[in-house]
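**Q** This is the structure, below, for whatever I ask next.
The values are calculated or read from the model by the stated rules, or taken from the named source; none is laboratory data. Quick caveat: nothing in here was measured; it's all calculated off a predicted structure. Cβ coordinates were reconstructed from backbone atoms using ideal geometry, including for glycine residues, and neighbour counts include every protein chain displayed. Remember, those area values only see protein heavy atoms, side chains included, never the ligands or the DNA or RNA. Shrake-Rupley method; radii C 1.70, N 1.55, O 1.52, S 1.80 Å.
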Amino acid sequence: MTPEILELAEKLVRRASEKRVTLCAAESCTGGLIGASITEISGASEIFYGSAVTYHNSAKENILGVTPFVLKKYGAVSPQCAMEMARGARLLYKTSLAVSVTGIAGPSGGSEKKPVGTVWFGISSLEGAYSYSCLFDGDRRKIRELSAAEALKILLGRVK
């Protein structure tokens, strides 16, 4: 884990504890990096309820409730899937805020429409859900680390 990720996780745990905001994550391409970084910080158990690592589409469906329609029509790496993952995680863990990550870390799996480094993030709160994407450059490890850091930044920005 990079020092940047750990610094972001520490700020997030501190701020969420102060604001009494509960958090969770739904991870695909990050494979548990978000949860691992948050739980590295002492006191995380007060605000972090868990992270569902749903790498396979069947796990996205069975654990998070992502609809087969979304997976078939838009694919796992899509704004629709990212939003459904975030909503599903927030409902599963019963938290105030959830983040999801789904993307193509490479080195294979990319296409012209969705190149390697394409990552969608979903955010779900009581106010609703939204998603956005980033296109990261680097090898598989770098893309996964950049994705985890971005997810922590998203959560940090939403904990007011």
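**Q** Return yes or no: is Ser37 under 21 Å from Ser125 (Cβ atoms), of a type in the set (Gly, Ala, Ser) and part of a helix (DSSP H, G or I)? Quick ask: steps written out before the conclusion?
**A** Values: under 21 Å from Ser125 (Cβ atoms): yes; of a type in the set (Gly, Ala, Ser): yes; part of a helix (DSSP H, G or I): yes.
Criteria met by Ser37.
**Q** Which of the residues that make up the stretch 1-16 are closer than 24 Å to Ala129 by Cβ and among the polar types (S, T, N, Q)?
**A** Of everything in the stretch 1-16, nothing turns out to be closer than 24 Å to Ala129 by Cβ and among the polar types (S, T, N, Q).
**Q** Follow-up question, since we're still on this one. Based on this model, can you work out whether Leu97 counts as open to solvent by 50 Å² or more (accessible area, probe 1.4 Å), under 17 Å from Leu155 (Cβ atoms) and in contact with a Cys (Cβ under 9 Å, 6 or more places away or on another chain)?
**A** So Leu97 does not fit the description; no.
**Q** Could you please give the count of residues in the stretch 14-32 that are under 17 Å from Arg158 (Cβ atoms) and surrounded by fewer than 20 Cβ atoms within 10 Å (Cβ to Cβ)?
**A** Going through the stretch 14-32 one residue at a time, the tally reaches 8.
**Q** Separate question: With respect to Arg158, determine if the residue is charged (D, E, K, R) and closer than 19 Å to Cys29 by Cα.
**A** no
**Q** Something else about it: Does the stretch 78-87 hold any residues that are farther than 23 Å from Ser111 by Cα and either hydroxyl-bearing (Ser, Thr, Tyr) or open to solvent by less than 10 Å² (accessible area, probe 1.4 Å) (or both), and which are they?
**A** Residue satisfying the conditions is Ala86 alone.
**Q** When the stretch 129-160 is examined, which residues are found to be modelled with pLDDT under 95 and either open to solvent by less than 30 Å² (accessible area, probe 1.4 Å) or in contact with a Lys or Arg (Cβ under 6 Å, 6 or more places away or on another chain) (or both)?
**A** Within the stretch 129-160, Ala129 is the sole residue that qualifies.
**Q** Within the stretch 67-84, work out how many residues are of a type in the set (D, E, K, R) and more than 16 Å from Ser100 (Cα to Cα).
**A** Of the residues in the stretch 67-84, 2 are of a type in the set (D, E, K, R) and more than 16 Å from Ser100 (Cα to Cα).
**Q** What are the pairs, 6+ residues apart or on separate chains, where a residue within the stretch 13-33 that is without any contact (Cβ under 8 Å) to a residue 40 or more places away in the chain and farther than 17 Å from Ser96 by Cα has its Cβ under 7 Å from a residue that is among the small types (Gly, Ala, Ser) and buried (at least 18 other Cβ atoms within 10 Å of the Cβ)?
**A** Matching pairs, first to second residue: Gly32/Ser51.
**Q** Based on this model, can you work out whether Glu112 counts as open to solvent by 20 Å² or more (accessible area, probe 1.4 Å) and in a helix (DSSP H, G or I)?
**A** In short, no.
**Q** List the number of the failed condition for Trp120; all other conditions in (1) open to solvent by 20 Å² or more (accessible area, probe 1.4 Å); (2) in a helix (DSSP H, G or I); (3) not hydroxyl-bearing (Ser, Thr, Tyr) hold.
**A** Unmet for Trp120, out of (1) open to solvent by 20 Å² or more (accessible area, probe 1.4 Å); (2) in a helix (DSSP H, G or I); (3) not hydroxyl-bearing (Ser, Thr, Tyr): (2).
**Q** Here's a follow-up. Which ones in the stretch 33-77 are under 19 Å from Ala151 (Cα atoms), surrounded by fewer than 20 Cβ atoms within 10 Å (Cβ to Cβ) and of a type in the set (S, T, N, Q)?
**A** Once the filter is applied, which keeps residues that are under 19 Å from Ala151 (Cα atoms), surrounded by fewer than 20 Cβ atoms within 10 Å (Cβ to Cβ) and of a type in the set (S, T, N, Q), the stretch 33-77 yields Thr39, Ser45.
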